[in-house]
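The values are calculated or read from the model by the stated rules, or taken from the named source; none is laboratory data. Note that the structure is predicted; figures quoted are calculated from it, not measured. Reconstructed Cβ throughout: ideal geometry from the backbone, glycine too, with neighbour counts over all protein chains shown. Please note that ligands, DNA and RNA were not included when accessible areas were found on the heavy atoms of the full protein model with its side chains. Shrake-Rupley method; radii C 1.70, N 1.55, O 1.52, S 1.80 Å.
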Amino acid sequence: MIVEPSEFDLIVVGTGLQESLIAGAAAKAGKTVLHLDASGLYGDLWAGLTLEEYANWAEAHKRSWKSRAVGPQGESGDARNPAECDDRQYAALVVENCNDVYKNVTTESSEGFDIARERGYVVDLVPKVTYCSGALVSALVEAKAHQYTDYRLLDESYVWSDGMLVKVPASRSDVFKDRTLDASEKRILTLFLKKVVGELEKQMLGAKEGVSFEGGNFREWLKAEGLSEKLADMIYYSIALKEVGQSNLTVQEGFEGLSLYLRSIGRYKPDSSPFMLPQYGCSDVPQAFCRTCAVNGGIYVLRCGINSVLLEDGPSGNRCAGVTTHYGQQILCKKLVLPGHLTGIYSGPGEDADGDWISRGLCVTDISLQEGKSQILVVIPPGCLGGNSECVKILQLGPPTCPEGRFLIHLSALSDGKSSAKDDLWPVVQTLLNTQTSSHTQNPTTSLEDTRPKLLWSSFHSQATNLDCQEGSSAPENVVCCGLPGGMIGYGADVELARGLFGKLFPDLEFLSCAELNDRILVDSDEDMLDDLEAELSNLGVA
């Protein structure tokens, strides 16, 4: 396979979200872009698979820690193997897939469940919800990528409290309808949320006076505001919803989470959830930005990764001159974007790395966790079930990401990597699901055995999750390394990291600027694009 032309402003390797954001922004700014991926699917570590493909993916990672490399492999030389291109000689720095992105992979099937016969699934390697007023929505609009994917609103959110799932309020009426709160708690919660909204309005108007959010512990601040332990848990874990450093949120971080949650409630439909998700799987998100890149002249080649990075001497050290593909072709570039799972430039997290892991689980069930609800988010605060040390987040998805009569339940929790994902998440699975259909027979809640969803198939794995791979990187000055996927809530960290990496590559260009668009496409106003997106989401609100 020969790629023409053989020189570009930017080469991007991997079609993960951050890589696709940078590719789309560069092409939109008029840069020539080549986007490569060793897989035959878009998404890289963010891919969406059928259930059978997911099971095969899990089996492959049970046998070896080596991430799969799809496509022909070229000959890899020494780390500084000389290479020639256009009569110039370069040093070739060999790169390969990191062997420790995933570990502790397990799968288990109930008797009679034939995965080969199961059809109509889209299983995301990185399941996520996004805030209706979050950074992803702004990026979609600015990139004109909203037209390439459909979205639906989440039905409801729940938090585990007092041995049951309690609905997290999405409106004032939800607070008053909640039968788990007494009159005093409803009044205190209403006054607290009113105070937060008032502070938001002051900030929007630029007022200098108001509540000071500098320093302090968010949970202690909630208690000081008169909230009970139950209300504090609900706000701390289910509304503020910070993925990193959950147990040590500052007042400022907590207020930012509250602010985003409240600004997202009811944006596309009165009293609706603050969260939405892609209609046909989260892998559609990076692919939407890939389409933006392609529309603006970017060239895409799947089943084609790279074997090495070509280096030349620059004013301040080594510079990237290009890459050698799996097919042996040498392609030149001025800038290079690499995924975080390639070693050689980035050393990877390492098997014994502490604090950089997410425990992930996938369960296939026959019915919903909540009768009549299809797409829901559940939060299990620390210490509730089986002594879970970290907050466990659960995203349940029904059709169209799975067939009628089936539900996908994704679980995730931060981990230090010392315990397996199954050890971290199985106590939660045992409580919420009927596991008698699997080889596990222990069940702590036998009184609910007949009504809980039946566990038909499950898989667990640990995934490295350091978002910023730049620290400690040996990358040349014109090369950036994207991070690995993060947790289940929001795309803000990924969008901001992509923005920062783009700024490092192109300091004089604005990330996803709506001004000065390429004349190869029809230009609509930002207002029209936002109106279109809002209208589309309103129509899909009950989906």
message: Give me the one-decimal nm value for the distance between modelled label points at T50 and D313, 7 Å along each residue's Cα-to-Cβ direction.
response: 5.5
query: Assuming R0 = 35 Å, what is the FRET efficiency of K194 and I367, from their Cβ-Cβ distance, to the nearest 0.05?
result: 0.40
- request: Compute the distance in nm between two label points, each set 7 Å from the Cα along the Cα-to-Cβ direction, one at Q89 and one at R179.
  value: 8.2
- line: Contour minus Cα-Cα span, Q252 to S171, at 0.36 nm per residue, comes to 26.9 nm
field: Label-point separation in nm, L302 to M1, each point 7 Å along Cα→Cβ
entry: 1.0
- request: Pull out the extension gain between A224 and D416, defined as 0.36 nm times the separation in residues minus the alpha carbon to alpha carbon distance; nm, one decimal.
  value: 66.0 nm
statement: The FRET efficiency for D271 and R117, from their Cβ-Cβ distance with R0 = 51 Å and rounded to 0.05, is 0.80
query: Accessible area, 1.4 Å probe, largest first: how do I265, I358 sort?
result: I265, I358
- prompt: Taking amide H positions as placed 1.01 Å from N in the peptide plane, with prolines and chain starts having none, which residues 5 or more places from L342, or on another chain, fall under 5 Å of its amide H?
  reply: C98
